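The values are calculated or read from the model by the stated rules, or taken from the named source; none is laboratory data. The model shown is predicted, which means the values in this text are computed figures rather than measured ones. Here Cβ is always computed from backbone atoms with ideal geometry, including for glycine, and neighbour counts include all displayed protein chains.
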Amino acid sequence: MIRIALFLFLCSIAGRAQHTLSYKEKNGSPKASLADVAWISGHWKGTAFGGITEEIWSPPLGNSMMFSFKLVVDDKVRFYELGHIQETNHTLLLQLKHFDGDLKAWEEKDEMENFQLVKIDRDHVYFDGFTFEKINDAEINLYVVIVEETGNEQEVKFNYKKQ
């Protein structure tokens, strides 16, 4: 049950709330480079779902910024994400894969979740369903639209502090 809820949380790209935007294919993605999002780099920690969340983002290198994420509840890893923001075709693409605490993949071998860039400005990066917001050099927010089991959508805010 928690696996399904977490998957819906992370992969929902349906309707959007006030801090998140929806990708419109007819508009395409704006031009952007990894230099525009380099401020995401670092070791970040926060709390969510009754546990501790941790994200580690590398600086730009080789046309990407890779990341790892984990959720720990009651001293046990619930799940991981591995992925990157990739600079491709003069824009950015967020891609990720999910894994159980024992590293069993959720997606098929050659599949991943793709989130198109919608908009970017100095302190915000809007991907389809995810928004990164820079508060200052030591704090960021991540806004994500989740779909509850009832089908209702809700935007959730995650606050991270740099370690």
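Take the residues in the range 106-134 that are under 14 Å from the mean Cα position of the chain (by Cα) and outside any strand (DSSP E or B), then tell me which one is surrounded by the fewest Cβ atoms within 10 Å (Cβ to Cβ).
Out of the qualifying residues, it is 112.
Among the residues of the range 1-38, write down those that are at pLDDT below 85, among the hydrophobic types (A, V, I, L, M, F, W, C) and part of a helix (DSSP H, G or I).
Hits for the range 1-38 are 2, 4, 5, 6, 7, 8, 9, 10, 11.
For residue 59, indicate whether it is at pLDDT 95 or above, part of a loop (DSSP other than H, G, I, E, B) and surrounded by 13 or more Cβ atoms within 10 Å (Cβ to Cβ).
No; evaluated as a whole, the condition is false for this residue.
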